[in-house]
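For reference, the structure discussed in these notes is given below.
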Amino acid sequence: MQRISLVDTAHNFIKEILHSGAIAIDATVGNGHDTLFLVKQVGPSGQVFGFDIQQTAIASTRAKFLQTPGMQCLTLIHASHADMSEKIPVNYHGNISVIMFNLGYLPGGDKNIITCTDSTITALHCSCELISSQGIITVMAYPGHPGGDLETAQVKSWCEQLDKDRFKVDIIYSADNKDSAPRLFVIQKRH
Ligand code: SAM
């Protein structure tokens, strides 16, 4: 039996609601794999905003996209996702269908540059206001590296404090079910 990765699971949740012409945010661009997925989903009539604090991640993703049809729908922003409310034009607020987070460090990059609990939680608060009704926030979290354990626990606790009338939360655990195994949080705005 083939095991489906949690990143693929996140993509499957997103495919259900992210259609051509929609607006999405990749809160952690990194190597641009999730960004590319979002760009393909929304198509040339949609809009994707991507954030990363590492200029190298923004530059290498921009270079990758030069070859990709539909590039005009992508805006890459060299800034923290904690600043997304001020960086995203006001006319998009409340109209974003999907916001993706893939926490931790950049694979193949500097493992000392990781997402930090405070900015992650600030960005999640902003995300709740930016997404549309029925929109989703996906958060891939990795408790298996130093700092990732605390961050994952804080994301879980933040989810537990959300108003259950406004937000539905699913937590999907890895099949190997270890405390250190990655997990996926899917937060959907009910209205
Ligand atoms: N989604 C990426 C992909 O498809 O390749 C992988 C993302 S990687 C696990 C995490 C990324 O988050 C790193 O590139 C890191 O620089 C970025 N990051 C860390 N803190 C950030 C912040 N406050 N705002 C935006 N990006 C941040």
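The values are calculated or read from the model by the stated rules, or taken from the named source; none is laboratory data. Since the model is a prediction, treat every value here as computed from it, not as a measurement. For neighbour counting, all protein chains shown are included, and Cβ atoms are generated from backbone atoms with ideal geometry for every residue, glycine included. Ligands, DNA and RNA are stripped out before the accessible areas are found, and what is left, the full protein with its side chains, is counted by its heavy atoms. Shrake-Rupley method; radii C 1.70, N 1.55, O 1.52, S 1.80 Å.
Annotations
- Scanning segment 71-96 for residues that are open to solvent by 20 Å² or more (accessible area, probe 1.4 Å) and either within 6 Å of the ligand (Cβ to nearest atom) or among the small types (Gly, Ala, Ser) (or both) yields Ser80, Ala82, Ser85, Gly94.
Residue-by-condition table, conditions (1) open to solvent by 30 Å² or more (accessible area, probe 1.4 Å); (2) within 10 Å of the ligand (Cβ to nearest atom); (3) assigned to a helix (DSSP H, G or I); (4) not hydrophobic (A, V, I, L, M, F, W, C):
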{"residue": "Thr28", "(1), (2), (3), (4)": "no, yes, no, yes"}
{"residue": "Phe37", "(1), (2), (3), (4)": "no, yes, yes, no"}
{"residue": "Lys40", "(1), (2), (3), (4)": "yes, no, yes, yes"}
{"residue": "Gly50", "(1), (2), (3), (4)": "no, yes, no, yes"}
{"residue": "Thr61", "(1), (2), (3), (4)": "no, yes, yes, yes"}
{"residue": "Asn112", "(1), (2), (3), (4)": "yes, no, no, yes"}
{"residue": "Asp118", "(1), (2), (3), (4)": "yes, yes, yes, yes"}
{"residue": "Thr122", "(1), (2), (3), (4)": "yes, yes, yes, yes"}
{"residue": "Cys128", "(1), (2), (3), (4)": "no, no, yes, no"}
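- So Ala63, is it under 25 Å from Tyr142 (Cα atoms) and not acidic (Asp, Glu): no
- So Val7, is it open to solvent by less than 60 Å² (accessible area, probe 1.4 Å), touching a helix residue (DSSP H, G or I) at 6+ places or on another chain (Cβ under 6 Å) and within 13 Å of the ligand (Cβ to nearest atom): no
- Evaluated against (1) open to solvent by 50 Å² or more (accessible area, probe 1.4 Å); (2) within 11 Å of the ligand (Cβ to nearest atom); (3) assigned to a helix (DSSP H, G or I), Ala57 falls short on exactly one condition, (1).
- Candidate set: segment 130-156, residues that are away from the ligand (no atom under 13 Å from the Cβ) and over 19 Å from Lys178 (Cα atoms); chosen: the one most open to solvent (accessible area, probe 1.4 Å): Gln134
- Filter result for Cys159 (more than 16 Å from the ligand (Cβ to nearest atom) and in contact (Cβ under 8 Å) with a residue 24 or more places away in the chain): yes
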